[in-house]
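Just so it is clear, none of the values below were taken in a lab; they were calculated from the coordinates. Worth saying up front: this structure is predicted, and the values here are computed from it rather than measured. Counting neighbours? That spans all protein chains shown, and the Cβs are built from the backbone with ideal geometry, glycine included.
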Amino acid sequence: MAGQKKTAAPGNPLREERDKRLPRIAGPCSMVIFGVTGDLSRKKLMPAIYDLANRGLLPPGFALVGFARRDYADEDFAEVVLDAVKTHARTPFRQEVWDQLSEGIRFVQGTFDDDAAFGTLAQTLKKLDAERGTGGNHAFYLSIPPNAFPVVLEQLSRTGLAKPPESGPGKPQPWRRVVIEKPFGHDLQSAQELNALVNRVFPEETVFRIDHYLGKETVQNLLALRFANELFEPIWNANFVDHVQITMAEDIGLGGRAGYYDGIGAARDVIQNHLLQLLALTAMEDPVSFQPRQLQIEKIKVLSATKLVEPLEETTARGQYAAGWQGSERVVGLLEEEGFDPHSRTETYAAITLNVDTRRWAGVPFYLRTGKRLGRRVTEIAVMFKRAPHLPFDQTMTEELGQNALVIRVQPDEGITMRFGSKVPGSSMEVRDVNMDFSYGESFTESSPEAYERLILDVLLGEPSLFPVNEEVELAWRILDPVLEHWAAGGKPEPYEAGTWGPSSADEMLARTGREWRRP
Ligand code: BG6
């Protein structure tokens with residue numbers, strides 16, 4: 001059989017093992033999206049579903065059900081999906097793939113408090129089970145504001161949709177899963193309440209919390225880099241590492257996102273989830289195996305050991321973008337963006353300092369920063385090494401020599417850079433920094449799937465490795481809460497000009513320890 005190889009397991013008779021390199025195809029199922037008319041659904045979810053179908057990773061009977069207030073017929077909704085696919089899909093448009101996918105597209109009109117609409121949803125899913133063989137397997141994707149969670153969860157519970165029916169003898173057990181988009185609360189307490197609410201309806205093993213950074217190839221490659229090689233791990237510790245900088249910089253502003261962002265800010269939007277997950281993968285110990293639970297155990301351990309460095313007025317920084325230039329374009333400041341309170345104190349830049357109190361990392365600061373309207377779009381993890389303990393050169397020869405660095409370029413221009421000193425050609429022994437580069441684009445011919453492709457497929461396969469469990473979410477809030485309280489009690493965030501690298505307080509924060517931010 002293709003992809004199966006026969007291996008003799010020690011002490012066991014010959015057994016068949018699946019070649020894990022081959023992609024797994026999702027079994028028969030349907031996915032219901034709540035909030036289907038939103039931006040995320042149009043730009044990411046619908047295109048990802050098409051891309052999966054195009055790659056042959058969805059079952060032929062797959063069904064996509066949209067639930068929203070608009071008065072659409074199935075065909076109108078299919079048109080909306082088609083438009084999203086043609087505009088945003090990663091893979092080329094193929095009519096035959098679309099024809100098959102669109103046969104399974106349905107729309108249910110209603111508001112979240114409309115019992116009858118949820119009745120219609122239940123009937124629609126039942127009909128799809130019969131018509132398209134989706135077998136009672138349903139994923140519910142909640143791409144909705146957090147305040148709508150209680151009512152939607154209650155409806156799914158009331159209508160029995162959250163609970164799979166008992167399968168008959170010899171039949172596969174159907175599944176029900178729920179997918180939740182961030183924000184997972186706005187502080188520890190609200191996250192705990194939210195988790196309790198979700199778990200009352202869906203058992204934890206059926207809850208898939210999306211942190212789309214974990215779906216990025218470059219983020220998963222961190223684990224390959226660290227645990228598949230011998231080169232890096234021996235120096236991946238406080239003996240050799242001076243500090244770590246994790247940066248997620250964006251050049252875009254917040255026009256059009258006031259409803260979500262005002263009052264939330266950069267720390268809740270990005271540090272609580274994406275950046276603390278990156279820290280966890282960078283700092284964790286090697287898992288016993290790549291079984292989901294083993295990965296969770298290591299991430300939970302390292303997040304439990306992660307602490308803020310104090311005093312917070314010196315070890316954190318926040319800012320808010322003011323008008324400026326983004327390339328050749330003049331852009332407005334946050335307070336002039338449509339929908340934002342002109343007195344808003346929401347930060348669009350946040351930086352914090354953390355220690356990981358373990359034997360491996362004691363004394364190594366982890367600096368996390370994120371911001372909108374910065375110099376350019378770049379996400380990277382930079383592991384900065386200590387300087388050589390002794391330099392047997394004339395001092396002028398090493399003036400241009402910085403710290404050795406290993407930089408994982410998450411995006412764009414995905415890859416890894418190693419920076420070290422090299423002799424400048426010529427008669428003197430001058431040493432200067434050079435870069436050695438690995439680039440995905442050059443080493444692999446295949447382009448990387450979008451994060452949402454990977455994550456949606458994993459939901460349908462019931463593969464939870466790349467989804468944070470509630471303990472991780474709560475630990476992340478536990479780390480961040482004191483900063484949020486500290487900032488809430490303070491004045492306004494410091495303005496920084498759009499197109500620059502953020503507020504001066506962020507530079508001062510590092511300068512206090514004799515360090516500086518990289519300018520990627
Ligand atoms: C989201 C944040 O989670 O990530 C946005 O809410 C941010 O504010 C986005 O713009 C960035 O994602 P990516 O994949 O483009 O880096």
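How high is the relative contact order of the stretch 396-496, given as a whole-number percent (alpha carbon pairs under 8 Å, six or more residues apart)?
18
What does the highest-first list of 171-180, 483-492 look like by mean Cβ count within 10 Å?
Most protected by this proxy first, the peptides run 171-180, 483-492.
With the convex hull built on the Cα atoms of the stretch 424-520, state its orientation-averaged projected area in nm².
13.1
Assuming a ≥ b ≥ c are the square roots of the Cα gyration tensor eigenvalues, decide whether the stretch 193-259 counts as rounded (a/c under 1.5), prolate (otherwise, with a/b larger than b/c) or oblate.
Oblate, because a/c is 1.5 or more while a/b does not exceed b/c.
Go through the stretch 296-311 residue by residue and turn each phi into a ³J(HN,Hα) via Karplus (6.51, -1.76, 1.60, θ = phi - 60°); whole Hz please, and just put x for glycine and proline.
Listing the rounded values in order: 4, 4, 5, 5, 4, 4, 6, 5, 5, 8, 8, 10, 5, 8, 10, x Hz.
Given labels modelled 7 Å from the Cα in the Cβ direction, how far is it in nm from R432 to V332?
4.5
How big is the gap, in Å, between the Cα center of the stretch 140-185 and the Cα center of the stretch 326-377?
34
Only four residue types carry charge here, +1 at the Cβ of Lys and Arg and -1 at the Cβ of Asp and Glu. Report the dipole size of the chain about the Cα centre in Debye, rounded to the nearest 20.
In total the dipole reaches around 1200 debye.
Tally Lys/Arg at +1 and Asp/Glu at -1 over every other residue whose Cβ is under 15 Å from the Cβ of E79; what's the total?
The answer is -3.
How about the stretch 10-108: which GluC sites (Glu not before Pro) there are in a DSSP loop, with at most 16 other Cβ atoms within 10 Å of their Cβ?
Filter output for the stretch 10-108: E103.
Place the peptides 126-139, 434-447 in order of packing, highest mean first, counting for every residue the other Cβ atoms within 10 Å and averaging per peptide.
Averaged packing, sorted descending, gives the order 126-139, 434-447.
Within 10 Å, count the other beta carbons around each residue, average over each peptide in 468-476, 64-72, and list them highest first.
Packing proxy ranking, top to bottom: 468-476, 64-72.
For the stretch 25-181, rounded, prolate or oblate, judged on the Cα gyration tensor with a ≥ b ≥ c (square roots of eigenvalues), a/c < 1.5 rounded, else prolate if a/b > b/c?
Taking the square roots of the gyration eigenvalues as a ≥ b ≥ c, the stretch 25-181 is oblate.
Exactly which chymotrypsin sites (Phe, Trp or Tyr not before Pro) in the stretch 215-302 are in a DSSP loop and have at most 11 other Cβ atoms within 10 Å?
Filter output for the stretch 215-302: F290.
Can you pull out the GluC sites (Glu not before Pro) in the stretch 322-371 that DSSP calls coil and that have at most 14 other Cβ atoms within 10 Å?
E338
For the chain, calculate the relative contact order in percent as a whole number, restricting contacts to Cα pairs under 8 Å that are 6 or more residues apart.
It comes to 16 percent, rounded to a whole number.
Suppose we keep just the alpha-carbon trace of the stretch 370-490; what are its Rg and Dmax in angstrom?
21.3, 63
Scaled to the compact-protein estimate 2.2 N^0.38 Å, what is the alpha-carbon radius of gyration of the stretch 379-435, rounded to two decimal places?
1.31
Under the rule of at least 5 residues apart or a separate chain, name every residue whose amide H is placed under 5 Å from the amide H of Q326.
Distant-sequence amide H within range of Q326: V331.
Calculate one ³J(HN,Hα) per residue across the stretch 243-257 by plugging θ = phi - 60° into the Karplus curve 6.51 cos²θ - 1.76 cosθ + 1.60, and present them in order as whole Hz with x for glycine and proline.
6, 10, 10, 10, 10, 10, 9, 10, 8, 6, x, 10, x, x, 10
Using the Cα gyration tensor of the chain, with a ≥ b ≥ c the square roots of its eigenvalues, what is the shape: rounded (a/c below 1.5), prolate (a/b larger than b/c) or oblate (neither)?
prolate
Using Cα-Cα distances under 8 Å and only pairs 6 or more residues apart, what relative contact order does the stretch 177-290 have, in percent?
29
To the nearest Å, what is the center-to-center distance of the stretch 22-96 and the stretch 403-439, using C-alpha atoms only?
The two parts, judged by their Cα centres, are 42 Å apart.
Short version: ³J(HN,Hα) in whole Hz for each residue of the stretch 415-421, in order, from phi by Karplus 6.51 cos²θ - 1.76 cosθ + 1.60 (θ = phi - 60°), x for Gly and Pro, what are they?
Values per residue, Gly and Pro as x: x, 9, 10, 10, 10, 8, x Hz.
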